[in-house]
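Notes for the one structure printed next.
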Amino acid sequence: MKLYIANKTCSEAVQIIANELGLNLELIHYDVAGKTTSNNDDFLTVNPLGYVPVLVLDDGKHEPLTETIVLASYLADQHPEAGLLPARGTLDRVRHEQLLVFIATEIAQKHIPLMRKLMTEEGIAWARSKIVTAYKVFDDRLADGRPFLEGDRLTVADAYLWGTFWHERSGARIDHLNHVMAWKARMDALPSVQKAVRDEAEIVARHTAQISRQAA
């Protein structure tokens, strides 16, 4: 399978889940600014909406899959023995999906206009306040000593929250949320997370060098 990613985006969440499952995805980097890919694909033919992540299945019979939650959940559901998601049709699964949507709407999407500097001062203050409030929900959740959001095991929600941990780039101050910051440190130490960071850095560097050679 091919996974189209961009540097320091929520595509990292899909990489983490793939690494937890021992999957060897072919990573393809999309340079958002230059609109080029590391394998010279025309990215808009892969996803006309122009954003990552995108997962291309090996069978060649289906359209590429998009949306971080969908991709990470699809991979996890193919390997239920890994325990990265509750079983479909259960209340636990519904509550987990509730967490994923909350991260998407109250954290990921609130960061983006701040990072792109698209807001008024009043809007900036409002959005940052909403983000801090959302992270506080997770800080309270982690206050009982659980290592991960759902308890003792990493789940898709952990990968997604880590992949959207953009508070420094958006200017939302959450350093005082000690339980969340300790969770982040635990996530940083996981082999699956470290591999995601390393693999992404390597392909970004190769693509950057490729762009430089083509421009010379």
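The values are calculated or read from the model by the stated rules, or taken from the named source; none is laboratory data. Predicted model only: the values in this text are computed from it and were never measured. Neighbour counts run over all protein chains shown; Cβ positions are idealised from the backbone, glycine included.
How many residues, within the range 185-207, are over 15 Å from the mean Cα position of the chain (by Cα), touching a residue at least 24 places away in the same chain (Cβ under 8 Å) and closer than 19 Å to Tyr30 by Cβ?
So the answer is 4.
Could you say which residue among Asp140, Asp188, Asp158 is of a type outside the set (A, V, I, L, M, F, W, C) and touching a strand residue (DSSP E or B) at 6+ places or on another chain (Cβ under 6 Å)?
Working: Asp140 fails: touching a strand residue (DSSP E or B) at 6+ places or on another chain (Cβ under 6 Å); Asp188 fails: touching a strand residue (DSSP E or B) at 6+ places or on another chain (Cβ under 6 Å).
From the options Asp140, Asp188, Asp158, the qualifying one is Asp158.
Residue check, Asn24 against (1) loosely packed, with under 10 Cβ neighbours inside 10 Å; (2) in contact (Cβ under 8 Å) with a residue 40 or more places away in the chain, all met but one. Which one?
Exception for Asn24: condition (2).
Being of a type in the set (Val, Ile, Thr), surrounded by 14 or more Cβ atoms within 10 Å (Cβ to Cβ) and within 20 Å of the chain's Cα centre (by Cα), is that true of even one residue in the range 176-184?
In the first step, residues of the range 176-184 are kept if they are of a type in the set (Val, Ile, Thr); the result is 180.
From what is left, the residues that are surrounded by 14 or more Cβ atoms within 10 Å (Cβ to Cβ) are 180.
Restricting the remaining residues to those that are within 20 Å of the chain's Cα centre (by Cα) gives 180.
Yes; the residues of the range 176-184 include at least one that is of a type in the set (Val, Ile, Thr), surrounded by 14 or more Cβ atoms within 10 Å (Cβ to Cβ) and within 20 Å of the chain's Cα centre (by Cα).
To keep it simple, each residue is scored yes or no on (1) under 30 Å from Gly83 (Cα atoms); (2) outside any helix (DSSP H, G or I); (3) of a type outside the set (A, V, I, L, M).
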{"residue": "Glu106", "(1), (2), (3)": "yes, no, yes"}
{"residue": "Gln109", "(1), (2), (3)": "yes, no, yes"}
{"residue": "Leu118", "(1), (2), (3)": "no, yes, no"}
{"residue": "Glu122", "(1), (2), (3)": "no, no, yes"}
{"residue": "Ala125", "(1), (2), (3)": "no, no, no"}
{"residue": "Lys130", "(1), (2), (3)": "no, no, yes"}
{"residue": "Thr133", "(1), (2), (3)": "yes, no, yes"}
{"residue": "Lys136", "(1), (2), (3)": "yes, no, yes"}
{"residue": "Asp139", "(1), (2), (3)": "yes, no, yes"}
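On the given criteria, is Ile28 in contact with a helix residue (DSSP H, G or I) (Cβ under 9 Å, 6 or more places away or on another chain), at pLDDT 95 or above and part of a helix (DSSP H, G or I)?
Details: in contact with a helix residue (DSSP H, G or I) (Cβ under 9 Å, 6 or more places away or on another chain): yes; at pLDDT 95 or above: yes; part of a helix (DSSP H, G or I): no.
In short, no.
Asp139 is checked against (1) out of contact with any His (no Cβ under 7 Å at 6 or more places or on another chain); (2) charged (D, E, K, R); (3) surrounded by 11 or more Cβ atoms within 10 Å (Cβ to Cβ) and fails just one. What number does that condition carry?
All conditions are met except number (1).
Residues checked against (1) touching a Lys or Arg at 6+ places or on another chain (Cβ under 8 Å); (2) small (Gly, Ala, Ser):
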site: Ala72; (1), (2): no, yes
site: Gln78; (1), (2): no, no
site: Asp92; (1), (2): no, no
site: His96; (1), (2): no, no
site: Val101; (1), (2): no, no
site: Glu106; (1), (2): yes, no
site: His111; (1), (2): yes, no
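What about Glu122, is it under 19 Å from Ala172 (Cβ atoms) and under 16 Å from the mean Cα position of the chain (by Cα)?
Values: under 19 Å from Ala172 (Cβ atoms): yes; under 16 Å from the mean Cα position of the chain (by Cα): no.
Taking the combined requirement at face value, the residue does not satisfy it.
Conditions (1) at positive phi; (2) outside the structural domain of Glu202 (by TED's automatic domain parsing); (3) surrounded by fewer than 20 Cβ atoms within 10 Å (Cβ to Cβ), marked per residue:
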| residue | (1), (2), (3) |
| --- | --- |
| Gly34 | no, no, yes |
| Asp41 | no, no, yes |
| Asn47 | no, no, yes |
| Leu57 | no, no, yes |
| Tyr74 | no, no, yes |
| Thr90 | no, yes, yes |
| Ile107 | no, yes, no |
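Would you confirm, using the coordinates I've provided, whether Leu3 is free of Cβ contacts under 8 Å to residues at least 40 places away in the same chain, within 21 Å of Pro191 (Cα to Cα) and touching a strand residue (DSSP E or B) at 6+ places or on another chain (Cβ under 9 Å)?
Numbers: free of Cβ contacts under 8 Å to residues at least 40 places away in the same chain: no; within 21 Å of Pro191 (Cα to Cα): yes; touching a strand residue (DSSP E or B) at 6+ places or on another chain (Cβ under 9 Å): yes.
Considered against the rule, which asks whether it is free of Cβ contacts under 8 Å to residues at least 40 places away in the same chain, within 21 Å of Pro191 (Cα to Cα) and touching a strand residue (DSSP E or B) at 6+ places or on another chain (Cβ under 9 Å), Leu3 comes out as no.
Looking at the range 155-180 only, could you name the residues that are more than 18 Å from Val101 (Cα to Cα), assigned to a helix (DSSP H, G or I) and touching a helix residue (DSSP H, G or I) at 6+ places or on another chain (Cβ under 6 Å)?
Once the filter is applied, which keeps residues that are more than 18 Å from Val101 (Cα to Cα), assigned to a helix (DSSP H, G or I) and touching a helix residue (DSSP H, G or I) at 6+ places or on another chain (Cβ under 6 Å), the range 155-180 yields Arg169, Ser170, His179, Val180.
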